[in-house]
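Every number in this text was worked out from the coordinates using simple rules, so none of it is lab data. These figures come from a predicted structure and were not determined experimentally. Here the Cβ positions follow ideal geometry from the backbone for every residue, glycine too, while neighbour counts run over all protein chains shown.
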Amino acid sequence: MRAWALCCALSCVVDGWGGRRRSNKHHAEEVLTEEFRPATRKTRCLAFDRGVDCLDLGTCANGTARRRAFVSVFDAYVELPLENRKGPGLLEHEAKVARVARRNGADRIFVFPVPEKQKVPVAAATIAALEDLGVKIRYSEHVVPPKLSAGIMVESGGCCGAREFLKLEPMGYGEYDAMIVADLDYDPEDGADLCADFGPLFDCVAEGRVVTTRGPEVPVNGAFLAVPPSELLRSRLRAALETARVDYRAGWNGEGWGLCWGPNNNPHAHFQARMQGFFHWFFYRSRLSAAAKDAQARWRPAQVDPCVWNVQKGLADVCARERCAGRARAYGHLHHPREDCACVDDADWNEHRSTAHTCEHVAKDPDRRCGSVDAAGRNASLACPSACDARCAAARSEA
Ligand SMILES: *[C@@H]1O[C@H](CO)[C@@H](O)[C@H](O)[C@H]1NC(C)=O
Ligand SMILES: *[C@@H]1O[C@H](CO)[C@@H](O)[C@H](O)[C@H]1NC(C)=O
């Protein structure tokens, strides 16, 4: 299990702090953040400690991305887990990701350490099975980046500590112009419809942008990092790791952690010594590092809607509309994304005479409005269950 969670980068498990502001009662130095901000629809995309507009993918030219890839890495520090108690096994999942990749004109790539750097060798049969699925296998000379700064500990928690920086390796594959480096269990939609279309995202990335999503508790979630790979990008990122330091209290390079973006003011959520914390500091937060500033100007980092591109389990409520309307394209740790959708209103529905007459409008007078229909003749009874379906009202009053 531990390894299946490889770089399931949400390392900010809420673990016993049990509630906001509790840090007040502890030593002052445990107060790592001034304020907490819940994940809301208004803070879906973040930059420099603020909620900002998500990148509008409609603004990027169609077809910019020609060479595309979905990449995952595995550190081979433990056995590659073929079984997953909570979801499909690795090969079944890989078959799906490879299918989605093909449909998007992208390669599916797996990066392992070179055999002599594998602590637990990846079985030849597994490699063969992956190759049979069309997965391209590549190898990295390094797991932990060469010349990692002494100010970054190797064992810093999460699944794999600084071994997670193996994700930097494919970011140097300059033969691709757009790449999503995702956790092993990043779970894309697999329909032939729009939901499996990653084209607009790849196109914006291929314009030279670094693109991420926020997580449930943290401002960058490491399960999904989209980059325009190049030797320059990788070398800049590695160079930053040669000099940076990270500290539980002072954050990256002493610049602090910034606001807490989770449901609890949980100091442990802040100790982001690995990929997602590094990416956040380097691309979305640092004002003091010249290297970071240069990278921010060069790669124009932006965020895209996590409710579409990376619905992590902890965002399930915030993203209910997208999940239930079938607009989400990928999930993290959310194995049944539509199981609780029976009572979620269709955010796209409106009564045919007015776009203002949405389900919210219906809810103000359900007795009269549940029979109204949209332009396609679909009535509010079906589209607005929270107001019009008695079972949903009952479930609400029990809650
Ligand atoms: C982008 O171009 C492709 C290939 O020409 C086409 O199939 C697709 O519909 C276009 N997408 C948009 C959003 O225009
Ligand atoms: C809404 O539409 C469904 C399916 O057509 C129908 O069974 C139902 O009676 C309608 N509800 C109302 C309140 O008109």
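How do ARG66, ARG44 rank when sorted from fewest to most other Cβ atoms within 10 Å of their own Cβ? List each step's numbers first, then the result.
Working: ARG66 12, ARG44 22.
Ranked by crowding around the Cβ, least crowded first: ARG66, ARG44.
Size descriptors for region 52-314, from the alpha-carbon set: Rg then Dmax equal 17.6, 48 Å. Panel note: the C-alpha atoms of region 342-397, placed on their principal axes, show extents of 32, 19, 15 Å (largest first). Lysine pairs in the chain whose alpha-carbon atoms fall under 27 angstrom of each other, counting only those eight or more residues apart or on distinct chains, come to 22.
Taking region 116-147, which GluC sites (Glu not before Pro) meet the DSSP loop condition and have no more than 14 other C-beta atoms within 10 Å?
Working: sites: GLU116, GLU131, GLU141; in loops: GLU141.
When the GluC sites (Glu not before Pro) of region 116-147 are filtered for loop state and at most 14 Cβ neighbours within 10 Å, GLU141 remain.
Are there any GluC sites (Glu not before Pro) in region 327-384 that are in a DSSP loop and have at most 15 other Cβ atoms within 10 Å? List them by number.
Numbers: sites: GLU339, GLU351, GLU360; in loops: GLU339, GLU351.
Those satisfying the criteria are GLU339.
Its Cα gyration tensor gives region 66-212 an equivalent ellipsoid; the semi-axes, largest first and in whole Å, are 25, 20, 14.
How many times 2.2 N^0.38 Å is the alpha carbon radius of gyration of region 277-375?
Here the answer is 1.57, to two decimals.
Peptides 93-103, 298-308, 373-383 ranked from most to least packed by the mean count of surrounding Cβ atoms within 10 Å: 298-308, 93-103, 373-383.
Based on DSSP H segments of at least four residues, each scored -39500 (n - 2.57), the chain has a per-residue ellipticity at 222 nm of -6500 deg cm²/dmol.
May I ask you to list the trypsin sites (Lys or Arg not before Pro) in region 306-371 that are in a DSSP loop and have at most 16 other Cβ atoms within 10 Å of their Cβ?
Listed in order of number, the matching sites are ARG338, ARG353, LYS364.
Fewest Cβ neighbours within 10 Å first, please rank THR358, THR243 accordingly. Mind dumping the intermediate values first?
Values: THR358 20, THR243 13.
Final ranking by Cβ density, sparse to dense: THR243, THR358.
For region 52-314, averaging the sequence separation of C-alpha pairs within contact (under 8 Å, six or more residues apart) and dividing by the residue count gives a relative contact order of 23 percent.
Charges only on Cβ, +1 for Lys and Arg, -1 for Asp and Glu: so what's the dipole of region 52-314 about the Cα centre, in debye to the nearest 20? Before the final figure, lay out each step's value.
On the way: 31 positive and 33 negative charges, 138 e Å.
I would put it at about 660 debye.
Ordering VAL344, ALA395, HIS361 by the projection of their Cα atoms onto the charge dipole of region 342-397, which places +1 on the Cβ of Lys and Arg and -1 on the Cβ of Asp and Glu, puts ALA395 at the extreme positive end. In this structure the amide hydrogen of CYS45, modeled in the peptide plane, comes within under 5 Å of the amide hydrogens of VAL52, none closer than 5 places in sequence on its chain. Among 285-292, 226-233, the peptide with the highest mean count of other Cβ atoms within 10 Å heads the list, and the full ranking is 226-233, 285-292.
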